[in-house]
Amino acid sequence: MDTLKLSIVAPNGQIFCDDVKTVTLPGKEGEFGVLPGHSSILSSLSVGVIIIEQKDSTQAVAINWGHVKVSENSVDVLVDGAVALSSGEDSKIAQNIEAAKKLVNSVKDANVSLASVEARINSFS
């Protein structure tokens, strides 16, 4: 098996649902990557950026916090707030980057460096 099913859901609906090669998630204890065949885990997610690698593209979704359930062939992410950073035309991406910065900065008690999260968000502009 060379892909796994990734689903990202926020209160306002589904953000992403497709097969991916790998996904990198902002865990409470630090970033971690998930590949097909990964051991099953449950984890809390912190403010940060989810990096999604598909066969021919890389996408990113900024989140404020959430939870993830990982199994051998799927990753199910539930988040409180999310903004897709790398889809659509250039003007839409710029708007999404600004929305992502607002989302990230709304987290008052984050244990992560918000500057590093903003730098990652800016890398998609």
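Can you list residues from other chains, or at least 5 along the same chain, whose modelled amide H is less than 5 Å from the amide H of Gly27?
Phe32, Ser46
Could you please report the charge total around Ser7, scoring K, R as +1 and D, E as -1 over all other residues with beta-carbon less than 9 angstrom from its beta-carbon?
-1
Apply the Karplus parameterisation 6.51 cos²θ - 1.76 cosθ + 1.60, with θ equal to phi minus 60°, to every residue of segment 36-41 and state each ³J(HN,Hα) to the nearest whole Hz, in sequence, with x for glycine and proline.
x, x, 4, 5, 6, 8
Starting from the amide H of His38, placed 1.01 Å from N in the peptide plane, find each other amide H under 5 Å away whose residue is 5 or more places distant or on another chain.
When sequence neighbours closer than 5 places are left aside, there are no close amide H contacts.
Values in this text are rule-based calculations from the coordinates and carry no lab data. Computed from a prediction, not measured in an experiment: that's the story for all the values here. All Cβ positions, even for glycine, are placed from backbone atoms using ideal geometry, and neighbour counts span all protein chains on display.
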